[in-house]
Amino acid sequence: MERRDFLRGLALLAACPLCVKTAYAAEGVHWSYEGEAGPEHWGSLSKDNSACAAGSQQSPLDIRDAVKADIPDLAIDWKGGGTILNNGHTIQVKAAPGGTLRRGDRTYDLVQYHFHAPSEHLVEGKSFPMEVHFVHKHAETGALGVFGVFLVPGVANKTFASLAAAFPQKAGEEAGLEGVDPSALLPSALSYWAYEGSLTTPPCSEIVDWMVAKNPVEVDPADIKKFTALYSMNARPALVTNRRYILSSS
Ligand SMILES: [Zn+2]
């Protein structure tokens with residue numbers, strides 16, 4: 001839940017005590033990563049989530065049998081700053097405006113980035129300690145272009161360390177970020193896998209052009225612990241590929 005929506009929800013409750021139901025509907029149904037509101041039940045929690053159960057192009061995937069293809073190089077130009085939010089499901093950074101990802105003739109605007117532990121995508125059955133998702137939107141079509149990067153323990157990453165030091169501890173808390181540059185969370189080579197998929201959280205809409213970096217990025221294991229202290233398991237299990245091709249840049 002975005003803080004804006006949270007505040008709007010509170011305002012609605014204050015203005016209209018009988019509107020409780022409406023306010024909850026506006027926020028979406030509660031969901032989680034385990035138990036009765038866990039991933040295997042997302043599709044039945046609300047009609048809005050039907051794609052979570054009935055969809056055929058769901059994400060994440062276990063990446064295997066990728067097909068080598070002549071897919072365009074990625075050109076990334078992101079800006080530093082933004083705001084960091086604990087939204088109750090993850091830590092999310094609302095990006096400073098003006099950041100872009102260009103893939104061939106498609107240009108997407110960076111909207112936000114957020115973290116999962118462990119990784120949501122697998123590579124030949126192997127998972128990674130964390131995955132960051134850079135969520136971009138195509139200005140004209142509204143399609144999302146999400147770039148996923150695996151995070152593994154190793155040398156400290158300045159950007160991830162700055163974010164970890166600023167993780168808001170409670171759901172709903174938000175703070176400004178001065179000069180934290182997301183570009184430092186990119187691997188040195190931008191070779192990637194690509195496939196058509198979905199949001200990995202309700203409503204699981206099948207509107208995502210997925211790009212997953214082949215090379216992981218090292219971060220300080222102590223910073224990973226700062227994340228898992230808040231969210232020790234916020235990864236949707238891998239879904240079936242169905243008839244999709246996973247393309248691999250050379
Ligand atoms: Zn995600």
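A few remarks follow.
- Two-site label geometry, THR107 and ALA165: point separation in nm, points 7 Å out along Cα→Cβ: 3.4
- Spacing of the two label points (7 Å from each Cα toward its C-beta) at GLU173 and ASP77, in nm: 3.7
- Cα extents for segment 115-187 along the principal axes, largest to smallest and rounded to whole angstrom: 37, 32, 25.
- The chain pair-distance distribution - Cα-Cα, 10 Å bins, rounded %: 7, 30, 38, 21, 4, 1
- Theoretical ellipticity at 222 nm over the chain - DSSP helices of four or more residues, -39500 (n - 2.57) apiece, nearest 500: -5000 deg cm²/dmol
- Cut-off 15 Å between beta-carbons: net charge of the residues surrounding GLY125, Lys and Arg +1, Asp and Glu -1: -2
- For segment 85-106 versus segment 110-164, the gap between their alpha-carbon centres in whole angstrom: 10
- Magnitude of the charge dipole, segment 125-250, Cβ model with Lys/Arg +1 and Asp/Glu -1, debye to 20: 420
- Listed pairs LYS94/LYS137; LYS79/LYS225; LYS47/LYS94; LYS137/LYS226; LYS68/LYS158 exceeding 23 Å between Cα atoms: LYS79/LYS225; LYS47/LYS94; LYS137/LYS226; LYS68/LYS158
- Taking only the Cα atoms of segment 31-160, the radius of gyration and Dmax are 16.3, 45 Å.
- Computed over the chain, relative contact order equals 25 percent, with contacts defined as Cα pairs under 8 Å that lie 6+ residues apart.
- ARG243-GLU34 FRET efficiency (beta carbon distance; Förster radius 22 Å; 0.05 resolution): 0.15
- Where GluC sites (Glu not before Pro) fall in DSSP loop in segment 112-149, at most 15 other Cβ within 10 Å: GLU124, GLU140
- Alpha-carbon Debye profile of segment 112-250, log10 I(q)/I(0) at 0.15, 0.16, 0.17, 0.19 Å⁻¹: -0.78, -0.90, -1.01, -1.26
Read the figures in this text as sums done on the coordinates, not as results from a lab. What you see is a predicted model; the values in this text were computed from it and never measured. Cβ sites come from the backbone with ideal geometry, for glycine too, and all protein chains shown count toward neighbours.
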